[in-house]
1. Which count do you get for residues in the stretch B:33-83 that are within 12 Å of DNA strand D (Cβ to nearest atom), free of Cβ contacts under 8 Å to residues at least 24 places away in the same chain and aliphatic (A, V, I, L, M)?
2. Assuming B:R40 fulfils every condition listed in (1) in contact with an Asp or Glu (Cβ under 6 Å, 6 or more places away or on another chain); (2) within 16 Å of DNA strand C (Cβ to nearest atom); (3) charged (D, E, K, R) apart from one, which condition is it?
3. Among the strands (runs of 3 or more DSSP E) confined wholly to the stretch A:73-192, which include 1 or more residues that are among the aliphatic types (A, V, I, L, M) and either touching a Phe, Trp or Tyr at 6+ places or on another chain (Cβ under 8 Å) or modelled with pLDDT under 90 (or both)?
4. If A:F67 meets every condition in (1) within 12 Å of DNA strand C (Cβ to nearest atom); (2) modelled with pLDDT of 90 or more apart from one, which number is that one?
5. For the stretch A:57-80, what are the residues that are farther than 19 Å from B:A24 by Cα and not charged (D, E, K, R)?
6. Please determine, by comparing only the residues of the stretch B:113-138 that are surrounded by fewer than 23 Cβ atoms within 10 Å (Cβ to Cβ) and among the aromatic types (F, W, Y), which one is nearest to B:Q195 (Cα to Cα).
7. Filter the stretch B:225-237 down to the residues that are under 17 Å from B:V202 (Cβ atoms) and surrounded by fewer than 17 Cβ atoms within 10 Å (Cβ to Cβ), then identify the one that is farthest from the other protein chains (Cβ to nearest Cβ).
8. Criterion first (in the same structural domain as A:R96 (by TED's automatic domain parsing), within 16 Å of A:T140 (Cα to Cα) and assigned to a strand (DSSP E or B)) does A:V215 satisfy it?
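The values are calculated or read from the model by the stated rules, or taken from the named source; none is laboratory data. Being a predicted model, the structure only gives us computed values, none of them experimental. As a convention, Cβ positions derive from the backbone with ideal geometry for all residues, glycine included, and neighbour counts pool all protein chains shown.
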There are 2 protein chains.
Amino acid sequence: MVSTNSLNQMTTSDTDSASSLRRALKLLRILSEGNPEGLRLKDIAEAAGCSQPTAHRMLQDLAAEGFAEQAAGKRYRLALDFYVLAARAGQASGLRDAARPALLRLSATLSDTIFLLVRNGFDAVCLDRVEGPFPIRSFTGDIGGKVPLGLGQGSLAILANLPEDEQEAVIRFNIPRLLDRGFLDEASLRGALAQARAQGWVNTSTGLIPGMAGVGVPVLDAQGRAVAALSVGTLAERLNADRLPHVVRILQSEAQALAGKLNPFDVALRYPSRSLSTIGAN
Amino acid sequence: MVSTNSLNQMTTSDTDSASSLRRALKLLRILSEGNPEGLRLKDIAEAAGCSQPTAHRMLQDLAAEGFAEQAAGKRYRLALDFYVLAARAGQASGLRDAARPALLRLSATLSDTIFLLVRNGFDAVCLDRVEGPFPIRSFTGDIGGKVPLGLGQGSLAILANLPEDEQEAVIRFNIPRLLDRGFLDEASLRGALAQARAQGWVNTSTGLIPGMAGVGVPVLDAQGRAVAALSVGTLAERLNADRLPHVVRILQSEAQALAGKLNPFDVALRYPSRSLSTIGAN
DNA sequence: ATCCCGAATTCCGACATCCTGAATTTATCT
DNA sequence: AGATAAATTCAGGATGTCGGAATTCGGGAT
């Protein structure tokens, strides 16, 4: 049989006493995590823990609103409208627009790929990316992609500059996830964090991805909390001792300028106080 | 105030006798179209045509599932989770991954900004984009952005290569929208379409955006229908008579190669993928 | 080409959930 | 601070929802 959901440990606080709306939203998550070609109704119903007619009706509604669609073979998948709709979600803080000129400058100056990452719960999310001419492999992947905080240069830079207690909570939650991805034990993570905090930037040529290297710097808000990170991803050979200081300097300069433009209006992104309800998913 | 501009497609039977789920989904659309900083409950309720308590409860559910969040000032807006979730929606056809190498090659070769557009209803959606060193203004905007079919090079290239009846339907629907954006009367649109169909590519240096120019070519499926477009956006001076033919040729070449890779996902000729493949790996 | 089986979709009665209006708390403005 | 408007909570009553059963659809084998 289809092995049940892989990562969903404690999907929601209330086992099954969720509202019908929340159940429907779970369907979207299921679709998002499933095969992009589409999922069969039966499997969706099973994953959602509801009957087939119920799943069917909800999916019909989702389709009618343009959130889902039925591909050939009757398979259901997310529709493009959903994508379009969400494109504006990243704009919340205006960070993306604020950072774009910096990304373009950095990419033009360094001829490398530049990432803009923001913190989102226990993850870093790639909010934007400008590609350089060199082919890059990164954890972060595409725009909209996410990595556990601590994995990768920018992600590490953010984690290193969180308030003590939050950092600790994130570390505790992410250690298993990091081990799953095959990198870092807790000791080396804490070592890397200490160094990152001390020197203000992160340099990982430590072979996480063979041949790749990068530099990440945090973007700090008025309280010194990391809300984002700028990072460079490039070939290891392009980050030698000669070039590294230059790259760090220019990155830090842009990060600082960006911090100045931050909208102080909503820096304090709040996290749902209700236990671990929403963060378990994905 | 908040006008409920619903550009919903034909699929939506727009009677107000919608299920509660569909009403909730409309809320997401309202949030998406509203001020990215967030909307007040009162306005949301008004735009959705429901009472405040109802809107409130639905928004609470949306927030609990990570689709929305409450910013300072109690304003509601889409959350980053939504963005992350939707990032995988664009993957439906695998077109994006298939096209990425081509985009990178084109950008590297031409030193200009390259767009990948796909058709979505009456719009063209920017599925991916690789930026060149020159600052560009485009209709399409960011990844996830959309333009009415017919506006812009790639968008025009798609429209020009749709089946007769669909094209006609799109034109009829889009004419007012195009006029709204201040460009093109119907006659010149039809003229441009005829030319685009005849020569196989679109060249707009016709001053839609001052100083900007671009070339778009359609990506055709096995039946000769346009499913996507590749386009170049650049400064008008960079598309002179000398360079234009070269740009067109290389674009067409990539578009053709891309068409060959298109997934014939119409029929499930696929061998039963029961084993492991239904669970998408990350 | 036909049969057969599993999946998808439709139907319907019982029931739980959701909606509206009023009350209470919280934020915003003068 | 006071006043006002918005946001949130609360409680019945109505409506939409749920899941089993029946039907249609589609795919695979003989």
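1. 4
2. Every condition holds for B:R40 apart from (1).
3. A:76-78, A:123-130, A:146-148
4. It fails just one condition, (1).
5. Listed by number, the residues that qualify are A:Q70, A:A71, A:A72, A:G73, A:Y76.
6. Ranking the candidates gives B:F122 first.
7. B:A236
8. yes
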